[in-house]
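Enquirer: Submitted below is the structure of interest, expressed as structure tokens.
The values are calculated or read from the model by the stated rules, or taken from the named source; none is laboratory data. Please read all numbers here as calculations on a predicted model, not as lab measurements. Using ideal geometry, Cβ is built from the backbone for each residue, glycine included, and neighbour counts are taken over all protein chains shown.
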Amino acid sequence: MTVLVTGGAGYIGSHTVLALAEAGEDVVVIDDLSTGFSAYLPEGVPLFIGDAGDENLLEGVIAQHDIESIIHFAGSVVVPDSMRDPLGYYRNNFTTARNLLNVAVKRGISRFIFSSTAAVYGNPDQVPVPEHAPTRPLSPYGSSKLMTEIMLHDVACAYGMQYVTLRYFNVAGADPQARIGLATVGATHLLKIAVEAATGQRAKIDVFGTDYPTPDGSCIRDFIHVTDLSQAHHSALAYLRNGGASTTLNCGYGRGYSVLETVDAVRRVSGRSFAVQYAPRRPGDIMTMVADTGRIRGLLDWRPQYEDLETIAAHALAWEDKLFRERHGELRHAVSA
Ligand SMILES: NC(=O)c1ccc[n+]([C@@H]2O[C@H](COP(=O)([O-])OP(=O)(O)OC[C@H]3O[C@@H](n4cnc5c(N)ncnc54)[C@H](O)[C@@H]3O)[C@@H](O)[C@H]2O)c1
Ligand SMILES: O=c1ccn([C@@H]2O[C@H](COP(=O)(O)OP(=O)(O)O[C@H]3O[C@H](CO)[C@H](O)[C@H](O)[C@H]3O)[C@@H](O)[C@H]2O)c(=O)[nH]1
């Protein structure tokens, strides 16, 4: 019984592959390495380099491995890029998933876990946001994920598939042992930018908007540690294997931190000071995004371990320090589960 992980060489995918491998699961990965890194896979995990929407490649992988479930991470993830290139985003997020589902249905693979996003909600009417809140994405990225959610639901109804759609809130941090982490060059995530500033790779961090009607004027986000998120995937798999009904789950902690609090946490844990500049609001930003986590905590046997913001910041920082030294030739990379 093998789990096929698409996009398993990426940030969240590689942490999930590590969690699955450490739990003794058999895993195979398909990744085109467009933004992923083969070196971030644990030794012994087979990697097929190619497009997760290539039906011939998928048939070949399924012929060689007894695939029981699919976890689908592969996709394009940068919101502003999706505004410039909507067709590219609909192809890589929606069409890829359509082809993958087509092969899954043909080959009788009946369990599917899908990476969705809080971006499907757009500006929420209520916070914390429950799963039944209206979905009004503000970008082609969010729309491509919502369309895939709807397709997955329809496919599951028609062909008896069971699925869990996981809507991630703001994913952050790195493996607590700093074996892997976020390595994307030019990443735009707040915590990544803050640890780049703390390691001297950036002169300053801009805080986009300090005039919001929030306690300190900056936006509020619900950060989830990537290792806790990877465990949520394993718990979702266990839930489906136990016959759990198809469902959609928010992945966050249900606790919001402001942008300024987040930057302060990085300053505290690093003990390093860096310049913080107040900048205008970033177009398209949602003021407050915090998950209602009642459903995930009620349905899954999931016990997050790293809910504290300083812990998330400390792990992101330890990884960034290591990545910086690796990229300057002082360290070589090795992952062992
Ligand atoms: N990072 C976040 O905060 C966040 C939030 C919500 C949802 N998500 C979703 O989680 C998933 C993983 O995101 P991530 O942050 O790890 O990004 P990432 O870019 O690090 O990972 C994506 C992986 O998929 C691969 N890939 C892309 N298109 C592919 C294709 N057509 N075929 C095969 N491989 C392909 C890339 O090489 C990469 O390894 C994405 O679907 C993303 O939309 C991420
Ligand atoms: O240099 C920065 C970077 C970010 N921010 C602020 O920090 C908050 C969080 O911004 P991120 O770019 O880290 O993330 P978003 O909340 O915009 O989230 C979106 O991008 C994420 C990945 O970056 C996920 O895909 C998520 O689902 C999607 O809604 C926002 O208020 C943003 O304006 C700054 O002030 N300065």
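Enquirer: Is it the case that Ala9 is modelled with pLDDT of 95 or more, in a loop (DSSP other than H, G, I, E, B) and either closer than 23 Å to Leu323 by Cα or away from ligand 1 (no atom under 11 Å from the Cβ) (or both)?
Expert: Judged against the criteria, Ala9 is a match.
Enquirer: Residues to consider are Leu20, Leu57; find the one that is under 16 Å from Ala236 (Cα atoms), aliphatic (A, V, I, L, M), away from ligand 2 (no atom under 16 Å from the Cβ) and assigned to a helix (DSSP H, G or I).
Expert: Leu20
Enquirer: Looking at the structure I just gave you, is Val226 at pLDDT 95 or above, crowded, with 17+ Cβ neighbours inside 10 Å, under 26 Å from Val129 (Cα atoms) and more than 15 Å from ligand 1 (Cβ to nearest atom)?
Expert: When the stated conditions are applied, Val226 does not pass them.
Enquirer: Condition check: surrounded by fewer than 19 Cβ atoms within 10 Å (Cβ to Cβ) and under 30 Å from Leu138 (Cβ atoms). Does Gly10 satisfy that?
Expert: No; evaluated as a whole, the condition is false for this residue.
Enquirer: If you don't mind, another one. Return yes when Val129 is within 20 Å of the chain's Cα centre (by Cα) and within 17 Å of Arg295 (Cα to Cα) and no when it is not.
Expert: yes
Enquirer: What's the number of the condition Ser34 fails, among (1) more than 20 Å from the chain's Cα centre (by Cα); (2) in a loop (DSSP other than H, G, I, E, B)?
Expert: (1)
Enquirer: Given Ala183, Ala158, Ala178, which one is more than 16 Å from ligand 1 (Cβ to nearest atom) and under 21 Å from Thr35 (Cα atoms)?
Expert: Just one listed residue meets the conditions, Ala178.
Enquirer: Search the stretch 110-119 for residues being closer than 21 Å to Tyr239 by Cβ and either within 12 Å of ligand 2 (Cβ to nearest atom) or not charged (D, E, K, R) (or both), and hand back the single one that is surrounded by the most Cβ atoms within 10 Å (Cβ to Cβ).
Expert: Ser115
Enquirer: Right, something else. Taking helices (runs of 4 or more DSSP H) that do not extend beyond the stretch 240-337, which have at least 3 residues that are over 25 Å from Gly200 (Cβ atoms), at pLDDT 95 or above and away from ligand 2 (no atom under 13 Å from the Cβ)?
Expert: In the stretch 240-337, the matching helices (runs of 4 or more DSSP H) lie at 294-299.
Enquirer: Quick one: Thr210 ticks every box in (1) at pLDDT 95 or above; (2) within 14 Å of the chain's Cα centre (by Cα); (3) within 12 Å of ligand 2 (Cβ to nearest atom); (4) not in a helix (DSSP H, G or I) bar one, so which box is it?
Expert: The failed condition is (2).
Enquirer: Quick one: which of Glu131, Glu68 is of a type in the set (Asp, Glu), over 26 Å from Ser38 (Cβ atoms) and in contact with a helix residue (DSSP H, G or I) (Cβ under 9 Å, 6 or more places away or on another chain)?
Expert: After applying the criteria, what remains is Glu131.
Enquirer: Would you point out which residue out of Ala63, Ala52 is surrounded by fewer than 19 Cβ atoms within 10 Å (Cβ to Cβ) and of a type in the set (A, V, I, L, M, F, W, C)?
Expert: The conditions single out Ala63.
Enquirer: Taking the stretch 98-149 on its own, how many of its residues are out of contact with any Pro (no Cβ under 7 Å at 6 or more places or on another chain) and within 16 Å of ligand 1 (Cβ to nearest atom)?
Expert: 29
Enquirer: Looking at the stretch 325-332, is at least one residue in contact (Cβ under 8 Å) with a residue 60 or more places away in the chain and of a type outside the set (Asp, Glu)?
Expert: no
Enquirer: I've got another one for you. Would you list the helices (runs of 4 or more DSSP H) that sit entirely within the stretch 83-178 and hold 2 or more residues that are closer than 26 Å to Gly244 by Cβ, modelled with pLDDT of 95 or more and not hydroxyl-bearing (Ser, Thr, Tyr)?
Expert: Where helices (runs of 4 or more DSSP H) fall fully within the stretch 83-178 and carry at least 2 residues being closer than 26 Å to Gly244 by Cβ, modelled with pLDDT of 95 or more and not hydroxyl-bearing (Ser, Thr, Tyr), they are 96-106, 140-159.
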